[in-house]
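The values are calculated or read from the model by the stated rules, or taken from the named source; none is laboratory data. Values in this document were obtained by computation on a predicted structure and should not be read as measured data. Methodologically, a virtual Cβ is constructed for each residue, glycine included, from the backbone with ideal geometry; neighbour enumeration extends over all protein chains shown.
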Amino acid sequence: MTSKLSKSMAVAPAEAPRPRSIEDLHEVLQLYNDVTQRLQVSHERLEQEVVRLTEQLEEKNRELELKKRLAALGEMAAGIAHEIRNPLGGIQLYASTLAAEVADRPLAAELVRKISNGVKGLNALVSDMLTFTRDLHLQMRSEGLGDIVAGAVDLAQPALLEHGIDLRVHAAAQTAIVHGDARLLQRVLLNLLLNAADAIAESQATRREIVVAATAAAGRLRLTVTDSGPGIPPAVLEKMFDPFFTTKHSGTGLGLAIVHRIIEAHGGSISAANRMVGGVMSGAVITIILPAANATGCAG
(Lines give C-alpha, C1' and ligand atoms only; values in the text may rest on other atoms or scores of the structure.)
Protein backbone atom coordinates (compact mmCIF):
# COMPACT_ATOMS: atom_id res chain seq x y z
CA MET A 1 0.00 0.00 0.00
CA THR A 2 2.74 2.35 0.96
CA SER A 3 4.62 1.62 -2.19
CA LYS A 4 1.62 2.38 -4.34
CA LEU A 5 0.91 5.62 -2.44
CA SER A 6 4.47 6.76 -2.82
CA LYS A 7 4.35 6.10 -6.47
CA SER A 8 1.06 7.96 -6.87
CA MET A 9 2.39 11.01 -4.95
CA ALA A 10 5.59 11.23 -6.90
CA VAL A 11 5.87 14.57 -8.76
CA ALA A 12 6.40 14.33 -12.44
CA PRO A 13 9.55 16.09 -13.60
CA ALA A 14 8.98 19.62 -15.10
CA GLU A 15 8.89 19.77 -18.83
CA ALA A 16 12.05 21.34 -20.20
CA PRO A 17 11.47 24.75 -21.98
CA ARG A 18 11.17 24.41 -25.66
CA PRO A 19 13.94 26.27 -27.50
CA ARG A 20 12.74 29.31 -29.48
CA SER A 21 12.83 29.19 -33.18
CA ILE A 22 15.22 31.27 -35.28
CA GLU A 23 12.25 33.48 -36.26
CA ASP A 24 11.45 34.25 -32.60
CA LEU A 25 15.07 35.16 -31.93
CA HIS A 26 15.12 37.43 -34.99
CA GLU A 27 11.99 39.20 -33.75
CA VAL A 28 13.54 39.82 -30.33
CA LEU A 29 16.69 41.22 -31.90
CA GLN A 30 14.63 43.47 -34.20
CA LEU A 31 12.66 44.84 -31.23
CA TYR A 32 15.92 45.46 -29.38
CA ASN A 33 17.37 47.32 -32.35
CA ASP A 34 14.20 49.41 -32.71
CA VAL A 35 14.29 50.42 -29.04
CA THR A 36 18.01 51.21 -29.27
CA GLN A 37 17.48 53.42 -32.32
CA ARG A 38 14.61 55.26 -30.64
CA LEU A 39 16.76 55.87 -27.59
CA GLN A 40 19.57 57.12 -29.81
CA VAL A 41 17.26 59.52 -31.65
CA SER A 42 15.79 60.76 -28.37
CA HIS A 43 19.29 61.26 -26.99
CA GLU A 44 20.38 63.27 -30.04
CA ARG A 45 17.25 65.42 -29.88
CA LEU A 46 17.82 66.02 -26.19
CA GLU A 47 21.42 67.06 -26.86
CA GLN A 48 20.27 69.46 -29.60
CA GLU A 49 17.65 70.94 -27.29
CA VAL A 50 20.23 71.41 -24.54
CA VAL A 51 22.55 73.18 -27.00
CA ARG A 52 19.70 75.40 -28.22
CA LEU A 53 18.57 76.33 -24.72
CA THR A 54 22.18 76.97 -23.66
CA GLU A 55 22.67 79.33 -26.60
CA GLN A 56 19.41 81.11 -25.78
CA LEU A 57 20.48 81.48 -22.16
CA GLU A 58 23.86 82.89 -23.19
CA GLU A 59 22.15 85.34 -25.55
CA LYS A 60 19.72 86.46 -22.84
CA ASN A 61 22.61 86.90 -20.41
CA ARG A 62 24.45 89.04 -22.97
CA GLU A 63 21.32 91.13 -23.51
CA LEU A 64 20.87 91.57 -19.75
CA GLU A 65 24.50 92.59 -19.35
CA LEU A 66 24.15 95.08 -22.21
CA LYS A 67 21.03 96.59 -20.61
CA LYS A 68 22.90 97.03 -17.33
CA ARG A 69 25.80 98.76 -19.08
CA LEU A 70 23.44 100.96 -21.07
CA ALA A 71 21.58 102.00 -17.92
CA ALA A 72 24.79 102.91 -16.09
CA LEU A 73 26.25 104.77 -19.04
CA GLY A 74 22.94 106.50 -19.65
CA GLU A 75 22.89 107.99 -16.17
CA MET A 76 26.46 109.18 -16.56
CA ALA A 77 25.82 110.61 -20.02
CA ALA A 78 22.77 112.55 -18.88
CA GLY A 79 24.76 114.27 -16.15
CA ILE A 80 27.62 115.15 -18.49
CA ALA A 81 25.27 116.45 -21.19
CA HIS A 82 23.48 118.86 -18.86
CA GLU A 83 26.77 120.12 -17.46
CA ILE A 84 28.29 121.09 -20.81
CA ARG A 85 25.25 122.18 -22.84
CA ASN A 86 24.99 125.69 -21.37
CA PRO A 87 28.71 126.57 -21.77
CA LEU A 88 28.55 125.32 -25.36
CA GLY A 89 25.76 127.77 -26.13
CA GLY A 90 27.86 130.63 -24.85
CA ILE A 91 30.95 129.56 -26.80
CA GLN A 92 28.91 129.32 -30.00
CA LEU A 93 27.49 132.80 -29.46
CA TYR A 94 30.96 134.30 -28.88
CA ALA A 95 32.34 132.48 -31.93
CA SER A 96 29.58 133.91 -34.13
CA THR A 97 30.28 137.40 -32.85
CA LEU A 98 34.01 136.97 -33.37
CA ALA A 99 33.47 135.65 -36.91
CA ALA A 100 31.78 138.91 -37.88
CA GLU A 101 34.66 140.93 -36.37
CA VAL A 102 37.39 139.07 -38.29
CA ALA A 103 35.56 138.53 -41.58
CA ASP A 104 38.24 140.58 -43.40
CA ARG A 105 41.12 138.58 -41.92
CA PRO A 106 41.24 135.15 -43.63
CA LEU A 107 43.55 133.40 -41.16
CA ALA A 108 41.59 134.53 -38.10
CA ALA A 109 38.30 133.79 -39.85
CA GLU A 110 39.49 130.21 -40.57
CA LEU A 111 40.42 129.70 -36.92
CA VAL A 112 37.02 130.95 -35.78
CA ARG A 113 35.34 128.62 -38.30
CA LYS A 114 37.21 125.65 -36.83
CA ILE A 115 36.16 126.68 -33.33
CA SER A 116 32.56 126.95 -34.47
CA ASN A 117 32.66 123.53 -36.16
CA GLY A 118 34.15 122.01 -33.01
CA VAL A 119 31.35 123.48 -30.93
CA LYS A 120 28.77 122.13 -33.38
CA GLY A 121 30.32 118.67 -33.09
CA LEU A 122 30.20 118.80 -29.32
CA ASN A 123 26.63 120.04 -29.44
CA ALA A 124 25.71 117.09 -31.66
CA LEU A 125 27.29 114.76 -29.11
CA VAL A 126 25.32 116.38 -26.30
CA SER A 127 22.09 116.10 -28.30
CA ASP A 128 22.74 112.41 -28.94
CA MET A 129 23.53 111.85 -25.27
CA LEU A 130 20.26 113.46 -24.22
CA THR A 131 18.33 111.49 -26.83
CA PHE A 132 19.94 108.31 -25.57
CA THR A 133 19.17 108.97 -21.91
CA ARG A 134 15.72 110.54 -21.99
CA ASP A 135 12.54 108.48 -21.86
CA LEU A 136 11.13 107.64 -25.27
CA HIS A 137 7.49 108.53 -25.75
CA LEU A 138 6.36 106.44 -28.71
CA GLN A 139 3.47 107.45 -30.93
CA MET A 140 2.41 103.89 -31.75
CA ARG A 141 0.08 103.32 -34.69
CA SER A 142 -0.19 101.19 -37.80
CA GLU A 143 2.22 102.64 -40.34
CA GLY A 144 3.14 101.74 -43.90
CA LEU A 145 6.71 100.51 -43.91
CA GLY A 146 7.07 101.78 -47.47
CA ASP A 147 6.54 105.39 -46.35
CA ILE A 148 9.05 104.99 -43.53
CA VAL A 149 11.65 103.52 -45.89
CA ALA A 150 11.00 106.20 -48.52
CA GLY A 151 11.54 108.97 -45.96
CA ALA A 152 14.83 107.45 -44.79
CA VAL A 153 16.00 106.93 -48.39
CA ASP A 154 15.29 110.58 -49.26
CA LEU A 155 17.45 111.74 -46.35
CA ALA A 156 20.22 109.25 -47.19
CA GLN A 157 20.17 109.99 -50.92
CA PRO A 158 23.06 112.52 -50.93
CA ALA A 159 25.40 109.98 -49.29
CA LEU A 160 24.24 107.20 -51.62
CA LEU A 161 24.82 109.36 -54.69
CA GLU A 162 28.19 110.57 -53.43
CA HIS A 163 29.50 107.02 -53.13
CA GLY A 164 27.72 105.64 -56.20
CA ILE A 165 25.65 103.14 -54.21
CA ASP A 166 22.58 101.42 -55.65
CA LEU A 167 19.67 100.93 -53.26
CA ARG A 168 17.14 98.15 -53.82
CA VAL A 169 13.95 97.95 -51.77
CA HIS A 170 12.07 94.67 -52.10
CA ALA A 171 8.37 94.90 -52.83
CA ALA A 172 7.44 93.40 -49.46
CA ALA A 173 9.30 96.21 -47.68
CA GLN A 174 7.12 98.70 -49.54
CA THR A 175 3.78 97.06 -48.74
CA ALA A 176 4.26 95.81 -45.18
CA ILE A 177 2.42 97.41 -42.27
CA VAL A 178 4.28 97.91 -39.00
CA HIS A 179 2.98 98.89 -35.58
CA GLY A 180 5.28 101.61 -34.31
CA ASP A 181 6.43 105.22 -34.22
CA ALA A 182 7.09 106.26 -37.84
CA ARG A 183 9.42 109.15 -36.94
CA LEU A 184 11.68 107.06 -34.74
CA LEU A 185 11.68 104.08 -37.08
CA GLN A 186 12.67 106.39 -39.94
CA ARG A 187 15.60 107.56 -37.80
CA VAL A 188 16.60 103.92 -37.27
CA LEU A 189 16.57 103.17 -41.00
CA LEU A 190 18.42 106.37 -41.87
CA ASN A 191 21.19 105.50 -39.42
CA LEU A 192 21.52 101.99 -40.84
CA LEU A 193 21.59 103.25 -44.44
CA LEU A 194 24.27 105.83 -43.68
CA ASN A 195 26.38 103.29 -41.79
CA ALA A 196 26.09 100.85 -44.70
CA ALA A 197 27.05 103.59 -47.17
CA ASP A 198 30.12 104.50 -45.08
CA ALA A 199 31.19 100.84 -44.89
CA ILE A 200 30.89 100.39 -48.66
CA ALA A 201 32.73 103.66 -49.37
CA GLU A 202 35.65 102.78 -47.08
CA SER A 203 36.02 99.29 -48.56
CA GLN A 204 36.43 100.44 -52.16
CA ALA A 205 34.11 97.57 -53.12
CA THR A 206 33.42 97.10 -56.82
CA ARG A 207 29.82 96.07 -56.16
CA ARG A 208 28.09 98.89 -54.30
CA GLU A 209 24.64 97.92 -53.19
CA ILE A 210 22.28 98.13 -50.22
CA VAL A 211 19.17 95.94 -50.07
CA VAL A 212 16.18 96.53 -47.80
CA ALA A 213 13.85 93.54 -47.43
CA ALA A 214 10.99 92.46 -45.17
CA THR A 215 9.04 89.34 -44.26
CA ALA A 216 6.23 88.83 -41.78
CA ALA A 217 4.91 85.83 -39.90
CA ALA A 218 3.11 85.15 -36.61
CA GLY A 219 2.51 88.84 -35.98
CA ARG A 220 6.18 89.79 -36.28
CA LEU A 221 7.85 91.84 -38.99
CA ARG A 222 11.43 90.98 -39.93
CA LEU A 223 13.27 93.84 -41.62
CA THR A 224 16.80 93.44 -43.00
CA VAL A 225 19.34 95.93 -44.33
CA THR A 226 22.10 94.17 -46.26
CA ASP A 227 25.18 95.85 -47.73
CA SER A 228 27.99 94.74 -50.03
CA GLY A 229 30.74 96.17 -47.84
CA PRO A 230 33.62 94.37 -46.14
CA GLY A 231 31.54 92.92 -43.30
CA ILE A 232 31.93 93.45 -39.56
CA PRO A 233 34.99 92.20 -37.64
CA PRO A 234 34.08 89.82 -34.77
CA ALA A 235 35.42 92.22 -32.13
CA VAL A 236 33.16 94.97 -33.49
CA LEU A 237 30.10 92.69 -33.65
CA GLU A 238 30.24 92.23 -29.89
CA LYS A 239 30.31 95.97 -29.11
CA MET A 240 28.67 97.80 -32.01
CA PHE A 241 25.47 98.59 -30.08
CA ASP A 242 27.37 99.78 -26.99
CA PRO A 243 27.22 103.54 -26.38
CA PHE A 244 30.33 105.56 -27.28
CA PHE A 245 31.79 102.66 -29.27
CA THR A 246 32.72 103.66 -32.82
CA THR A 247 35.20 102.70 -35.51
CA LYS A 248 34.77 106.00 -37.36
CA HIS A 249 37.26 108.85 -37.24
CA SER A 250 34.40 111.19 -36.37
CA GLY A 251 31.10 110.48 -34.72
CA THR A 252 29.56 110.28 -31.28
CA GLY A 253 29.46 106.51 -30.97
CA LEU A 254 25.82 106.80 -29.94
CA GLY A 255 24.06 106.26 -33.27
CA LEU A 256 23.64 102.49 -33.04
CA ALA A 257 23.07 102.65 -29.27
CA ILE A 258 20.11 104.96 -29.93
CA VAL A 259 18.92 102.64 -32.71
CA HIS A 260 19.08 99.71 -30.27
CA ARG A 261 17.12 101.66 -27.68
CA ILE A 262 14.41 102.70 -30.14
CA ILE A 263 13.89 99.12 -31.36
CA GLU A 264 13.85 97.81 -27.80
CA ALA A 265 11.25 100.44 -26.86
CA HIS A 266 9.05 99.04 -29.65
CA GLY A 267 9.21 95.61 -28.07
CA GLY A 268 11.49 94.41 -30.84
CA SER A 269 15.08 93.30 -31.26
CA ILE A 270 18.03 94.16 -33.50
CA SER A 271 21.07 92.06 -34.35
CA ALA A 272 24.03 92.18 -36.71
CA ALA A 273 25.78 89.44 -38.66
CA ASN A 274 28.04 88.97 -41.64
CA ARG A 275 26.80 87.70 -44.99
CA MET A 276 28.84 84.77 -46.24
CA VAL A 277 29.02 83.90 -49.94
CA GLY A 278 31.02 80.81 -50.83
CA GLY A 279 32.68 80.86 -47.43
CA VAL A 280 33.86 84.46 -47.96
CA MET A 281 32.63 87.44 -45.94
CA SER A 282 30.57 89.56 -48.33
CA GLY A 283 28.91 92.38 -46.44
CA ALA A 284 26.86 92.90 -43.30
CA VAL A 285 23.24 92.14 -42.48
CA ILE A 286 21.31 94.08 -39.83
CA THR A 287 18.10 92.34 -38.80
CA ILE A 288 15.25 94.08 -36.98
CA ILE A 289 12.24 92.25 -35.52
CA LEU A 290 9.16 94.40 -34.87
CA PRO A 291 5.49 93.84 -34.12
CA ALA A 292 3.55 93.79 -37.40
CA ALA A 293 0.12 95.38 -37.67
CA ASN A 294 -0.76 92.58 -40.11
CA ALA A 295 1.08 90.08 -42.26
CA THR A 296 -0.53 91.10 -45.56
CA GLY A 297 1.85 91.63 -48.43
CA CYS A 298 4.96 90.69 -46.52
CA ALA A 299 6.03 87.54 -48.25
CA GLY A 300 9.22 87.12 -50.18
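What to note about this one:
- Residue in the range 196-214 that is surrounded by 14 or more Cβ atoms within 10 Å (Cβ to Cβ) and closer than 18 Å to Glu264 by Cβ present: no
- Restricting Ala176, Ala156 to those that are under 30 Å from Ala78 (Cα atoms) and of a type outside the set (Asp, Glu) reduces the list to Ala156.
- Some residue of the range 100-111 being in a helix (DSSP H, G or I), out of contact with any His (no Cβ under 6 Å at 6 or more places or on another chain) and β-branched (Val, Ile, Thr): no
- Of everything listed in (1) surrounded by 11 or more Cβ atoms within 10 Å (Cβ to Cβ); (2) modelled with pLDDT under 80, the single unmet condition for Glu83 is (1).
- Just one of the listed residues (Ile270, Ile210) is more than 26 Å from Glu63 (Cα to Cα), touching a helix residue (DSSP H, G or I) at 6+ places or on another chain (Cβ under 6 Å), modelled with pLDDT of 90 or more and in the same structural domain as Leu145 (by TED's automatic domain parsing), namely Ile210.
Listed here are the residues, each with its yes/no results for (1) touching an Asp or Glu at 6+ places or on another chain (Cβ under 8 Å); (2) basic (Lys, Arg); (3) not assigned by TED's automatic domain parsing to the domain that holds Ala199.
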| residue | (1), (2), (3) |
| --- | --- |
| His82 | no, no, yes |
| Gly89 | no, no, yes |
| Ala100 | no, no, yes |
| Arg105 | no, yes, yes |
| Ala108 | no, no, yes |
| Ser127 | no, no, yes |
| Ala150 | no, no, no |
| Ala156 | no, no, no |
| Ile165 | yes, no, no |
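- Taken as a whole, the structure leaves Thr296 outside the set of residues that are of a type in the set (Ser, Thr, Tyr), touching a Leu at 6+ places or on another chain (Cβ under 9 Å) and modelled with pLDDT under 90.
- Candidate set: the range 213-231, residues that are among the charged types (D, E, K, R) and at pLDDT 90 or above; chosen: the one nearest to the chain's Cα centre (by Cα): Arg222
- Number of the condition not met by Gly229 [criteria: (1) assigned to a loop (DSSP other than H, G, I, E, B); (2) of a type outside the set (S, T, N, Q); (3) out of contact with any Leu (no Cβ under 8 Å at 6 or more places or on another chain); (4) under 29 Å from Arg134 (Cβ atoms)]: (4)
- Filtered residues of the range 227-250 (kept if touching a residue at least 60 places away in the same chain (Cβ under 8 Å) and either not small (Gly, Ala, Ser) or not assigned by TED's automatic domain parsing to the domain that holds Gly146 (or both)): Phe241, Asp242, Pro243, Phe244
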